[in-house]
1. Residues being loosely packed, with under 10 Cβ neighbours inside 10 Å, at pLDDT 75 or above and hydrophobic (A, V, I, L, M, F, W, C): count how many of those fall in region 1-34.
2. So which residues in region 51-73 are within 22 Å of Gln31 (Cα to Cα), over 13 Å from the mean Cα position of the chain (by Cα) and basic (Lys, Arg), if there are any at all?
3. Quick check on region 71-87. Is at least one of its residues in a helix (DSSP H, G or I), closer than 30 Å to Lys4 by Cβ and not acidic (Asp, Glu)?
Amino acid sequence: MYGKGKESLGLHELKENKPWFDEECLGFLDQRKRAKMQWNLDPSQTNVDILSNERREVSRHFRDKKKAYLRAKIEELETNSKFQNIRDLIGATMTLREGTNLDVI
């Protein structure tokens, strides 16, 4: 039933607040949802183990993607700083600050 609803309604557009979130992440998220639905139907110990493994794998994947994105952003900031490209440096700094509570980065 989950697959038929997805086929008829389609996928919604990705939000721009997580630029590191891509189609591969959607696949991992779908995999976790299926494991959770299977656990809801049959809460046996094997399904509990499968669900916890899926959660761990998906969280690890998301964490690695976010780290890689932030690492690339930091390299971009370093490059802009090195070449005195102040406009791009400030713009990239502001995009990083939007999602944090930090006053100074």
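The values are calculated or read from the model by the stated rules, or taken from the named source; none is laboratory data. A quick note: this is a predicted structure, and the numbers were derived from the prediction, not measured. Methodologically, a virtual Cβ is constructed for each residue, glycine included, from the backbone with ideal geometry; neighbour enumeration extends over all protein chains shown.
1. Residues in region 1-34 being loosely packed, with under 10 Cβ neighbours inside 10 Å, at pLDDT 75 or above and hydrophobic (A, V, I, L, M, F, W, C): 0 in total.
2. Matches in region 51-73: Arg55, Arg56.
3. No, region 71-87 contains no residue that is in a helix (DSSP H, G or I), closer than 30 Å to Lys4 by Cβ and not acidic (Asp, Glu).
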